[in-house]
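Q: Take a look at this one; I'll ask things after.
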Amino acid sequence: MSSAIAWRRECGTFHTTYAADMALRPTPLARARIAIVIFAALAFGALAGRYELSIANQVGIAAVGALGLNVLVGFTGQISVAQGAFLGVGAYTSAYLTTRIGVPFWVALPAAGLVTAAVGGIFGIPSLRLKGLYLVIATLAAQVVIEWFMIHLVPVTGGSQGIFGIPAPALGPLVFDTERAYYFLTLAAVALAVLGCANLFRSRAGRAFIAIRDQDVAASVVGVDVFRYKITAFMVSSFIVGAAGALQAHHDLIVSPENFNLAVSIEYLGMVIIGGLGTVSGSLYGAAFIRLLPIALATVARSVPGIALNVNVLKEAAFGVAIIGFLILEPRGIAKVWRDIKDYFRLWPFKY
Amino acid sequence: MSPELTLVLQLLIGGVAIGGVYALIALGFVLIYKATDVLNLAQGEMLLLGAYVSYGLIAQIGLPVPVAFLITLAFSIVLGITIERVALRPLIGEPAISVIMVTIGLAILLRSIVIGIWGTEYRVYPDVLPKESAQIGPLSVSLEFLWSFGIAMALVALFALAFRYTRVGIAMRAVADDQQAALSMGINVRFVFATSWVIAAIVSSIGGILLASIQGTGILLATLGLKALPVAIVGGLDSIIGAAAGGVIVGVLETLSAGYLDVPLGGGVRDVAPFVFLVLILLVKPYGLFGKERIERV
């Protein structure tokens, strides 16, 4: 009887070791749930069709990018609208290294992360003096400047045409050139990013990030080196975003400036807002929501006869409405909605 | 005058003239920020909507210009009130990121409304301002630039004075300074919020009409809202005089950098230069040239 309760609920589960107390998934139910998710993700990769897998890949890549952005915006409270540019830095670095220098993908991917981390660190320096709205504008400047370089630094970036003919990643005889093969690569990347982020916020640095977000003056009073950790947050976030950019480059096999403009930054901000600021899982929900919303809309628009609406305009409008709607109705995003649902069933059938 | 000097003066005049319109858009940012602490990133789209509504009334329905102008203003008032009521009021007290994102959401929504109604193609705006250009010595100045500069500066001056001397202006300043204190002094904070949004909508509609008559009506007008951001920030987000000064500074900077740096650097410098300048200014003066420094308490 008591073990049946412990299986389902947090109360009644008594941790006897520090390891058990620190576990990311402290209850057996949570562990079972994550096992089901992993199994479902693997089964999806094995069974789904090409179209579904290509959507899943887009969602997965966006999820990694959104996680990176969430580290900065959701956990450290430094608002950045340079996400598109940072994705671009990662994508261009990886594309340049693999096409022009012939470096294998497995080296180019971390290199893309490191280069983006360096660029992010540099553009994070203004955060020493700038806060809130003024910092938003400084990151907007970063976006504009980096975008300008993408278009005008032709020998490196290929100008407005971009770089094409990017090779698909290969591991020995295994080439990730189909949506299905790439899906498992994306899945691994998402898993790595999720694990990394979930653990980051249990570490000293992660706690410092959260302290800075909640009240930076107070954080510095209790001994957090605010500037150092702000730059660290910019670099960690940019590293993940850069890796996402590289993943995108090797998935699309082409990079061009219009894939990394301000609209992309805003799209990613929409993901972290709708998913849930300052939650790891929210980044995934938000990425899925933003990527699936236009597809769902297009499907609906196709199936309703006699609709003469411009679908692209409809998608745009829906994106705007979704952002406004979530902010007004559920500012803490899908992650909060999901937690509420879980909380309801955690006590069920009892009142409390 | 040497040709070199003529070129510099010509660029300067062009920069100052376009800077006037930037100042007008920046005024919208500043008014809202001052009274409500919101950075309204939908400013460009409000401008776009104003330009298109007036275009529709003049060119498509065929109303005379003054009537169309008045209807556009009435529309702006309704727009301002609606935005404040529906989107901003529920977010009072939420973190900055939420408020910024809601204005971004608004921007996307307004833009898609414009595209949905008018499409994306470029349209020639009916002549509202005189098209000729005046000759001052060897320099030629387009009259529509002069007019728009004059109108913009008159509006900036008007609002600076209104902020300083009228009852509503003083109430807005009080709200900006301390909302709770203002509330306890019997100031209607909601009314102040609504008023500042209405004024911002009106100002951006006028800016939209001026810009549309200079450049024609197109979706790209909205990006000018983005351009006015460095203007507002360089001057300091809470300074009306700063908006005017920032407008002229950024306008001149743009034309000068376009005139001198575009060829050696390969084009597009015009759009980047204000932002680079902006970051440099911010690193030295984090609250802009004329902005008020905030003292933080834990």
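Only the coordinates and a few stated rules stand behind these numbers; no lab work does. Keep in mind that what you see is a predicted model, and the values were worked out from it rather than measured. Positions of Cβ are generated from backbone atoms using ideal geometry, with glycine treated the same way; all protein chains shown enter the neighbour counts.
Q: Please list, by residue number, every one of the GluC sites (Glu not before Pro) in the stretch B:194-298 that is coil in DSSP and has at most 16 other beta-carbon atoms within 10 Å.
A: Details: sites: B:Glu254, B:Glu293, B:Glu296; in loops: B:Glu293, B:Glu296.
Hits after loop and neighbour filter: B:Glu293, B:Glu296.
Q: Let me ask something additional. Once every DSSP H run of n ≥ 4 in the protein assembly as shown is given -39500 (n - 2.57) and the sum is divided by its residues, what mean residue ellipticity at 222 nm do you get, rounded to the nearest 500 deg cm²/dmol?
A: Calculated from helices alone, the mean residue ellipticity at 222 nm is -24000 deg cm²/dmol.
Q: Once both labels are modelled 7 Å past Cα along the beta-carbon direction, what's the B:Phe191-B:Tyr165 spacing in nm?
A: Spacing of the two 7 Å Cα→Cβ label points: 2.2 nm.
Q: At 7 Å along the Cα-to-beta-carbon direction for both B:Ala157 and A:Ala48, put a label point, then send me their distance in nm to one decimal.
A: 6.3 nm
Q: Just report the Cα centroid separation between the stretch B:72-130 and the stretch B:198-220, whole Å.
A: Centre-to-centre distance over Cα atoms comes out at 12 Å.
Q: May I ask for the net charge around A:Ala211, where only other residues with Cβ less than 12 Å from the Cβ of A:Ala211 are counted and Lys, Arg are +1 while Asp, Glu are -1?
A: Working: positive: A:Arg204, A:Arg207, A:Arg213, A:Lys230; negative: A:Asp214, A:Asp216, A:Asp225.
Neighbourhood net charge equals +1.
Q: Right, another one. Residue by residue, what Karplus-based ³J(HN,Hα) values in Hz, rounded to whole numbers, does the stretch B:14-31 have, using 6.51, -1.76 and 1.60 with θ = phi - 60° and x for Gly and Pro?
A: x, x, 4, 5, 5, x, x, 5, 4, 4, 5, 5, 4, 4, x, 4, 5, 4
Q: Over chain A, what relative contact order in percent results from Cα pairs under 8 Å that are six or more residues apart? Can you show the working numbers first?
A: Numbers: 514 pairs, mean separation 98.3, N = 352.
Worked out over chain A, it gives 28 percent.
Q: Can you compute the charge dipole magnitude of the stretch A:48-262 about its Cα centre, using +1 on each Lys and Arg Cβ and -1 on each Asp and Glu Cβ, nothing else charged? Give it in debye, rounded to the nearest 20.
A: That gives a dipole near 580 debye.
Q: For the stretch B:123-167, which trypsin sites (Lys or Arg not before Pro) pass both filters: DSSP loop (anything but H, G, I, E, B) and at most 15 other C-beta atoms within 10 Å? Numbers along the way, then the final one.
A: On the way: sites: B:Arg123, B:Lys131, B:Arg164, B:Arg167; in loops: B:Lys131.
Sparse-neighbourhood loop trypsin sites (Lys or Arg not before Pro): B:Lys131.
Q: Quote the relative contact order of chain B in percent (integer), defining contacts as alpha-carbon pairs under 8 Å separated by 6+ residues. Present the calculation step by step, with values, prior to reporting the outcome.
A: Working: 467 pairs, mean separation 107.5, N = 298.
Reported relative contact order: 36 percent.
Q: Another question about this same structure. Classify chain B as rounded, prolate or oblate, taking a ≥ b ≥ c as the square roots of the eigenvalues of its Cα gyration tensor: rounded when a/c is under 1.5, otherwise prolate if a/b is larger than b/c and oblate if not.
A: Details: a/c = 1.72, a/b = 1.26, b/c = 1.36.
Because a/c hits 1.5 or more and a/b fails to exceed b/c, chain B counts as oblate.
Q: Also: Once fully extended, how much extra length lies between A:Val103 and A:Ala168, figured as 0.36 nm per residue of separation less the alpha-carbon to alpha-carbon distance? Please report the intermediate quantities before stating the final value.
A: Values: separation 65, 0.36 × 65 = 23.40 nm, distance 1.22 nm.
Computed gain between A:Val103 and A:Ala168 is 22.2 nm.
Q: So which helices of chain A fit the span-like rule, where a helix is a whole DSSP H run, its Cα atoms reach 18 Å or more along the axis, and its mean Kyte-Doolittle is at least -0.5? Could the numbers behind the result be given before it?
A: Working: long enough: A:28-47 (28 Å, 1.81); A:50-70 (29 Å, 0.68); A:83-96 (19 Å, 0.53); A:105-124 (27 Å, 1.73); A:132-152 (30 Å, 1.62); A:179-200 (30 Å, 1.29); A:226-252 (38 Å, 0.69); A:262-275 (20 Å, 1.91); A:280-303 (35 Å, 1.19); A:311-329 (26 Å, 1.94); A:333-347 (22 Å, -0.32).
Qualifying helices, which must be both long enough and hydrophobic enough, are A:28-47, A:50-70, A:83-96, A:105-124, A:132-152, A:179-200, A:226-252, A:262-275, A:280-303, A:311-329, A:333-347.
Q: Hey, rough spin-label estimate for A:Ala188 and A:Ile125, points 7 angstrom out along Cα→Cβ, what's it come to in nanometres?
A: Using points 7 Å along Cα→Cβ, the separation is 3.7 nm.
Q: From zero up to wherever the largest Cα-Cα distance of the stretch A:48-262 sits, split into 10 Å bins and tell me the percent of pairs in each.
A: Using 10 Å bins, I get a P(r) of 9, 35, 33, 18, 5, 0 for the stretch A:48-262.
Q: What is the total of Lys pairs in the protein assembly as shown with C-alpha atoms under 16 Å apart, excluding same-chain pairs fewer than 8 positions apart? Don't skip to the end; give the middle numbers.
A: Details: A:Lys131/A:Lys230; A:Lys131/B:Lys285; A:Lys131/B:Lys292; A:Lys342/A:Lys351; B:Lys34/B:Lys292.
Step by step, the pairs that qualify in the protein assembly as shown add up to 5.
Q: Give, as a single signed number, the net charge of other residues whose beta carbon lies under 12 Å from the beta carbon of B:Thr36, with Lys and Arg counted +1 and Asp and Glu -1.
A: Details: positive: B:Lys34, B:Arg89, B:Arg190; negative: B:Asp37, B:Glu84, B:Asp238.
That sum, taken over residues with Cβ under 12 Å, equals 0.
Q: Using only atoms on other chains, find how many Cβ atoms lie within 10 Å of each Cβ of peptide B:92-101 and report the average. Before the final figure, lay out the partial values.
A: Values: counts 0, 0, 3, 6, 7, 13, 8, 2, 7, 14.
Mean inter-chain Cβ contacts per residue within 10 Å come to 6.
Q: Next question. Which FRET efficiency value, to the nearest 0.05, is calculated for A:Asp343 and A:Gln215 with the Förster distance at 30 angstrom and r the Cβ-Cβ distance?
A: On the way: r = 27 Å, r/R0 = 0.91.
Between A:Asp343 and A:Gln215 the formula returns 0.65.
Q: Which of A:His152, A:His15, A:His251 comes first, and how do the rest follow, when ranked by fewest Cβ neighbours within 10 Å? Don't skip to the end; give the middle numbers.
A: Numbers: A:His152 17, A:His15 11, A:His251 23.
Least to most surrounded, the residues fall as A:His15, A:His152, A:His251.
Q: Report the one residue of A:Leu347, B:Ile108, B:Ala68 whose Cα lies farthest in the direction of the positive end of the charge dipole of the protein assembly as shown (charges on C-beta: Lys and Arg +1, Asp and Glu -1; origin at the Cα centre).
A: A:Leu347
Q: If one computes the Cα centroid of the stretch A:52-83 and of the stretch B:4-57, what distance in Å separates the two points?
A: One Cα centre to the other: 33 Å.
Q: Please list B:108-119, B:231-242, A:135-146, A:77-88 highest first by mean number of surrounding beta-carbon atoms within 10 Å per residue.
A: Working: B:108-119: 18.8, B:231-242: 26.6, A:135-146: 23.8, A:77-88: 29.1.
The densest-packed peptide leads the list: A:77-88, B:231-242, A:135-146, B:108-119.
Q: Related question: Cα axis of helix B:143-165 to longest principal axis of chain B: angle in degrees, 0 to 90, nearest 10?
A: Approximately 20 degrees, to the nearest ten.
Q: What residues qualify as long-range amide H neighbours of B:Ser142, i.e. H under 5 Å apart, gap of 5 or more or another chain, H built at 1.01 Å from N?
A: Under 5 Å from the amide H of B:Ser142 lie the amide H atoms of B:Ala134, each far enough along the sequence or on another chain.
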